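Accompanying notes for the structure given below.
Please treat every number below as a calculation from the coordinates, not as lab data. None of the values given here were measured: they were computed from a predicted structure. All Cβ positions, even for glycine, are placed from backbone atoms using ideal geometry, and neighbour counts span all protein chains on display.
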Amino acid sequence: TTEDKKTLVQEFKLDPDSELRFEIESKNEKVYLVLKSGLAEVFGTELVKGKSYEFTSGAKVAVFTWQGCTLELKGKTDVHYVAKETPMIMYSNCHAALELMRISAEKDNVKGPVTMVVGPCDVGKSTLCRILLNYAVRMGRRPLFVDLDLGQGQISVPGTIGALLVERPASIDEGFSQEAPLVYHFGHKAPAANAALFSMIISQLATTVKERIEVNKKTKMSGVIINTCGWIKGLGYKHLLHTATAFEVDVILVLDQERLYNELVRDIPNFVKVVLLPKSGGVVERSKSARSEARDQRIREYFYGTLKNSLYPHSFDIKWSEIRVYKIGAPALPDSCLPLGMKAEDHLTKLVQLTPNAGLLHHLFAVSFSEKDDDEIINSHVAGFVCVTNVDTERQLITLLSPQPKPLPNNVLILSELQFMDSH
Ligand code: ADP
């Protein structure tokens, strides 16, 4: 009916310190947000008055205002409401405290604050990182963002960890701009799949981050914000301690979990500030299928870009003889078979060469920067990712989907457990 076709337009008047929250679940639904008057921000990025921002399926958004504002929503949301209770004051106080540390770092010409955000799944860790980074760049800072969230991270494709220099606020609908991120390949969507390797690449990333900070004065003063994954129990907790040591963190922000907070206060040296923060009532829990869809979407965007910024990947054949294909982690040997001095877990960080085969189909592969020996391949950051879209065993060719045209920057490819069905 014509009634259905008319786009729903709703206006919201927000008091100071409140936020409009909305979610879009239905596929193919588009919702437009316009700031009509006043000032407002989405996770720390200011809205431009009169500009229309587009949101699509999967969006879970909060539009916060410090001063009060009028907003317009055009289109059908699945949920929307105005919330007056938000933890934004506390988050902004954290930013203010970090800013004081940056000012004093500037005076003494030392490193600015290195902050790690921890907590269980779905408590708003990534969102808090985004808010703190946005507030920092809005003050003219140039912080580094480190993302250790393998499954739902914001840098490169899932199955990686990485670092990004943040030079401008995140785009409201597309997040932080991904210019030349530093990316390390892990190859699984959860750290437990290979804890030894995870620990190793965290140390490696930390070393590289510390080197980068030393050569960029502005970033050195601005500091680092580290996002972590929701694995906080048992071995996951050990990884948090390792991360804190490796990156030499100064501040740990714990979201929503008193137990984790107390454990960290007990185990972390006193010169590190550990702060407990509440989660926002607006944070939405994601189902297993929503997480898997988000991973898929992230990979699709890596190759094809977004609605607003399309990318045009290349597809080409490569002879098996032109590439060297590896996976990380050899099958375990019983202790009695190991060479003297080798530990059983060492096999987890061994490079194993593979003969190309039909099983590679749909898998992502990291393109290594390294051409040297085994250890260097595991420990070096990667140039990018390709996806195997066809394996021709007869002609001994594989077809690759790649952001860059042929030739590959290097012939060393490392297998990822993550797969992508290219439906274009
Ligand atoms: P975590 O990193 O802890 O897993 P996220 O920061 O990714 O959690 O948040 C989970 C989801 O909740 C995201 O989709 C995010 O956009 C949404 N979200 C966060 N804060 C709010 C809020 N105040 N209102 C509405 N949605 C929110």
- [ ] May I ask you to list the lysines whose Cα is less than 16 Å away from that of Lys76, ignoring any residue fewer than eight positions away on the same chain?
- [x] Lys5, Lys6, Lys27, Lys30, Lys60
- [ ] Please name which of Ser92, Thr70, Pro158 has its Cα lying farthest along the dipole of the chain towards the positive end, using unit charges on Cβ (Lys, Arg +1; Asp, Glu -1) and the Cα centre as origin.
- [x] Thr70
- [ ] Arrange the following residues from fewest to most other Cβ atoms within 10 Å of their Cβ: Val284, Val110, Val166.
- [x] Val110, Val284, Val166
Open item on the list: Taking 10 °C and 1.306 mPa s as the conditions, I'd like the Stokes-Einstein D for region 60-176 in µm²/s, using the Kirkwood hydrodynamic radius from alpha carbon pairs.
Closed with: 98
Task: Alpha-carbon radius of gyration plus Dmax, which is the widest Cα pair, for region 192-300 in Å - done: 15.9, 44
- [ ] From zero up to wherever the largest Cα-Cα distance of region 268-424 sits, split into 10 Å bins and tell me the percent of pairs in each.
- [x] 9, 29, 27, 21, 12, 3, 0
Task: Charge-dipole axis of region 176-303 as Lys and Arg at +1 and Asp and Glu at -1 on Cβ define it, positive-most pick from Met221, Trp231, His242 - done: Trp231
Task: Cα long-axis angle, helix 88-108 against the chain (0 to 90 degrees, to the nearest 10) - done: 60
- [ ] Could you pull out every one of the lysines with an alpha carbon less than 25 Å from that of Lys111, ignoring same-chain neighbours closer than 8 positions?
- [x] Lys125, Lys210, Lys217, Lys218, Lys220, Lys273
Task: Calculated diffusion of region 107-250, Stokes-Einstein form, Kirkwood radius summed over Cα pairs, 25 °C and 0.890 mPa s, µm²/s - done: 162
- [ ] Determine the equivalent ellipsoid of the chain by diagonalising the alpha-carbon gyration tensor, then write out the semi-axes as square roots of 5 times the eigenvalues, largest first, rounded to whole Å.
- [x] 37, 29, 19
Open item on the list: As I understand it, the dipole of region 119-268 uses +1 on the Cβ of Lys and Arg and -1 on the Cβ of Asp and Glu, about the Cα centre. Which of Phe198, Val254, Leu182 lies farthest toward its positive end?
Closed with: Leu182
- [ ] Give, rounded to the nearest 20 debye, the magnitude of the charge dipole that the chain has about its Cα centre when Lys and Arg contribute +1 at Cβ and Asp and Glu contribute -1 at Cβ.
- [x] 640
TODO: Round to a whole angstrom and tell me the spacing of the C-alpha centers of region 278-335 and region 38-110.
DONE: 28
Open item on the list: Compute the helix-to-body angle for 235-246: its Cα long axis versus the longest principal axis of the chain, expressed 0 to 90° and rounded to tens.
Closed with: 90
Task: Rounded D (µm²/s) - region 165-224, Kirkwood Rh over Cα pairs, Stokes-Einstein at 20 °C, 1.002 mPa s - done: 157
Open item on the list: Can you tell me the orientation of helix 258-267 relative to the chain, as the angle in degrees between its alpha-carbon axis and the longest Cα principal axis, to the nearest 10?
Closed with: 60
TODO: State the antiparallel share, in %, of DSSP beta bridges confined to the chain, rounding to the nearest 5.
DONE: 75
- [ ] With a cut-off of 11 Å, note down the residues of region 202-231 whose backbone N falls inside the zone around a label point 7 Å from the Cα of His242 toward its beta carbon.
- [x] 202-204
Task: Whole-Å distance, taken between Cα centres, linking region 354-424 and region 216-244 - done: 29
